[in-house]
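The values are calculated or read from the model by the stated rules, or taken from the named source; none is laboratory data. Given the structure is predicted, the values throughout are model-derived calculations rather than measurements. With ligands, DNA and RNA removed, areas are computed over all heavy atoms of the protein, side chains included. Shrake-Rupley method; radii C 1.70, N 1.55, O 1.52, S 1.80 Å.
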Amino acid sequence: MKKLLAAVFLSLLSLTAAAERADSLKEAVINFDSLDVDEVTGTRILTGNVVLTRGTLVLKSDRALVKESPEGYMSVTLTAAGGKVATFRQKRDGGSDLWVDGQAERIEYDERSELVRLYSNAVVRELEGARMTNQITGPFISYDNRKEVATVRNDTSGQSKVGGGRGTLILAPKRAPGGGAQ
């Protein structure tokens with residue numbers, strides 16, 4: 001039993017592998033249908049097929065609220081229209097074709113703290129090329145890129161509550177049939 005728990009814990013840690021570090025030094029390019037800007041508060045509201053690209057990071061949603069701190073750090077809140085999801089995808093360090101992607105009804109990204117929070121019907125997948133290696137689903141997922149720590153809770157408040165939803169962890173086999181590594 002201890003070996004099984006250790007394997008699950010190590011797999012959770014691998015799901016939180018670091019995102020491409022060079023992305024934070026790239027310019028952000030945002031495409032949209034409509035934009036409202038408030039330069040006093042540093043707030044931009046983008047609507048209609050919003051696509052934000054920064055290096056290998058790609059964020060997509062129906063609506064995005066982008067704030068910029070005086071120091072130049074961005075925070076982005078992506079909101080999906082009813083029945084849809086906001087998405088993100090980013091290359092991970094450590095290999096040429098390693099990716100992490102996710103989706104939820106609302107995604108919050110804070111560049112300063114390197115924290116991503118996914119609310120309502122959240123899914124985060126770790127990929128090697130097109131092959132899914134790990135997947136976590138739940139009502140709330142938080143990922144701290146600096147600490148490489150993921151937290152999953154059974155309520156969209158970010159807390160675990162009695163009678164709340166349930167999460168699922170899927171761990172793809174690390175070895176091929178016959179005992180060899182994949």
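Ignoring any ligand, DNA or RNA, what whole percent of the accessible area of segment 30-73 comes from carbon and sulfur when the probe is 1.4 angstrom?
49
With every protein chain kept in the model, how would you rank Arg131, Arg44, Arg146 by accessible area, 1.4 Å probe, largest at the top?
Details: Arg131 85, Arg44 60, Arg146 140 Å².
The ranking, largest first, comes out as Arg146, Arg131, Arg44.
What whole-number value in Å² describes the accessible area per residue of segment 72-137 for a 1.4 Å probe?
43
Could you give the length gained on full extension between Ala28 and Thr151, defined as 0.36 nm per residue of separation minus the Cα-Cα distance, in nm?
41.6 nm
Percentage of Cα-Cα pair distances in segment 47-160 greater than 25 Å, rounded to whole percent?
18
Filter the cross-link list Lys67/Lys174; Lys60/Lys147; Lys26/Lys147; Lys67/Lys147 down to pairs whose alpha-carbon distance in this structure exceeds 30 Å.
Exceeds cut-off: Lys67/Lys174.
Out of residues 5 or more away from Lys84 or on other chains, whose amide H comes under 5 Å of its own, with H placed 1.01 Å from N in the peptide plane?
none
Given the C-alpha atoms of segment 112-175, compute the convex hull and give its volume per residue in Å³. Please report the intermediate quantities before stating the final value.
On the way: hull volume 6.7 nm³, N = 64.
Hull volume normalised by residue count: 104 Å³.
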